[in-house]
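Worksheet: one structure, shown below.
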Amino acid sequence: MSYAAVRPDSWNFPLFLHVLGATTLVGLLAVAVAVLIAAARAGDDRTAAVRLAFRTLLIGAIPAYLVMRIGAEWIADKEHLTDSDASWIGIGYSVADGGLLILIILNVLAGLAYRRARRGGQPVALLRWTTGLTLLLILAYGVALWAMATKPA
Amino acid sequence: MSRYDWLLFLHLIGAFALIGSVVTFSTLLVAGQRVAGPQLVFLGRRLFEVGGSLTLIFGIWLALDDYSITDGWIIGALVLWFVGGGSGSRVGELYNSGEGGRARQPLIVMTLATLAVLILMIFKPGA
């Protein structure tokens, strides 16, 4: 038996934006984790790595988040799901909105770490917090992906 | 949850990993290998391997179960997957051997092929 369904054509572009934003966002978060780990292990010369992590989050992750979130709202509106009580929609909105808060905190932490590194300080604790929170956010998006794909009742 | 749900979930994890590898290699291209190069090369190659495998295995499984493997959009996606896979392997090898400066062209091919597969997967022309 086939479970696959072909959606109306008008839903495709918003869904494309949503998926493109989400996949790029998660990819950029993974890049940020790798760069943050490199920065924490870099010893005294970590300023360039901290700057790259900060820019990845600020110039990369936030715009990708916006594309994901705008696409989500657009496709939810097309499917008349904005006021839905379905749990998968609730999980999606919770992770997206909570994720924005965490993303802002990540940018603040990475920005502080960059400022400290630039002044010759050792922001190892800030880098570890930023790495841990970024991993948590990737995990949360994994849960959202599971909810979007399997649509639990 | 149906088998379709699980297959789609695993296929999508692969898609996230594959696009993650494009993002990682693109970051290497923009930022250079001097900053976090070994970590980013390692991440990009692992994401590419995991993403490439999961998208292909579970994509074909989904096609056999729920679509038709001979549909034009599926055949097109398979061809593009091999184009993207070949260029992605080349990108990974170049960065791994310290020749990242030569990775621009295969990375452009990998990026365009991956983007085209994503478009086919969502728009499903002819389905």
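A few comments on the model shown:
- Counting only alpha carbon atoms, the long axis of helix A:87-118 and the longest principal axis of chain A meet at about 20°.
- Shielding value for B:23-29 is 5, the average number of Cβ atoms from other chains within 10 Å of each residue's Cβ.
- Interface A:B - total buried accessible surface [probe 1.4 Å, Å², rounded to 100]: 2800
- Counting all C-alpha pairs of segment A:18-153, share separated by more than 27 Å (%): 26
- The protein assembly as shown, helix-only ellipticity at 222 nm - DSSP H runs n ≥ 4, -39,500 (n - 2.57), divided by all residues, nearest 500: -27500 deg cm²/dmol
- Here the Karplus relation 6.51 cos²θ - 1.76 cosθ + 1.60, evaluated at θ = phi - 60°, turns the backbone of segment B:7-22 into coupling constants of 4, 5, 4, 5, 4, 5, 4, x, 5, 4, 5, 5, 5, x, 5, 4 Hz, with x for every Gly and Pro.
- Taken per residue, the accessible surface of chain B reaches 47 Å², heavy atoms only and a 1.4 Å probe.
- Mean Cβ count within 10 Å, highest first, over the residues of peptides B:70-83, B:37-50: B:37-50, B:70-83
- Think of the protein assembly as shown as a dipole: +1 on every Lys or Arg Cβ, -1 on every Asp or Glu Cβ, centred on the Cα centre; then among B:PRO106, B:LEU78, B:HIS11, B:PRO106 lies furthest on the positive end.
- Across peptide B:4-11, the average count of Cβ atoms from other chains found within 10 Å of a residue's Cβ is 4.
- Test item: B:94-100 mean partner chain Cβ contacts at 10 Å: 0
- Just the protein heavy atoms count here, and of the accessible area of chain A at 1.4 Å, carbon and sulfur take up 65 percent.
- From phi via Karplus (6.51, -1.76, 1.60), per-residue ³J(HN,Hα) for segment A:122-127 in Hz, x at Gly/Pro: 10, x, 4, 5, 4, 5
- Phi-derived couplings, Karplus 6.51 cos²θ - 1.76 cosθ + 1.60 at θ = phi - 60°, listed residue by residue for segment B:80-97: 5, 4, 5, 4, x, x, x, 6, x, 4, 5, 4, x, 5, 5, 5, 5, 8 Hz, with x used for Gly and Pro.
- Under the Debye formula (equal points on every Cα, no solvent term), log10 I(q)/I(0) of the protein assembly as shown at q = 0.11 Å⁻¹: -0.64
- Residues whose amide H lies under 5 Å from that of B:ALA103, counting only those 5 or more places away or on a different chain, are absent; hydrogens are built 1.01 Å from N in the peptide plane.
The values are calculated or read from the model by the stated rules, or taken from the named source; none is laboratory data. Note that the structure is predicted; figures quoted are calculated from it, not measured. Reconstructed Cβ throughout: ideal geometry from the backbone, glycine too, with neighbour counts over all protein chains shown. Each accessible area value is taken on the protein alone, full model and side chains, heavy atoms only, with ligands, DNA and RNA left out. Shrake-Rupley method; radii C 1.70, N 1.55, O 1.52, S 1.80 Å.
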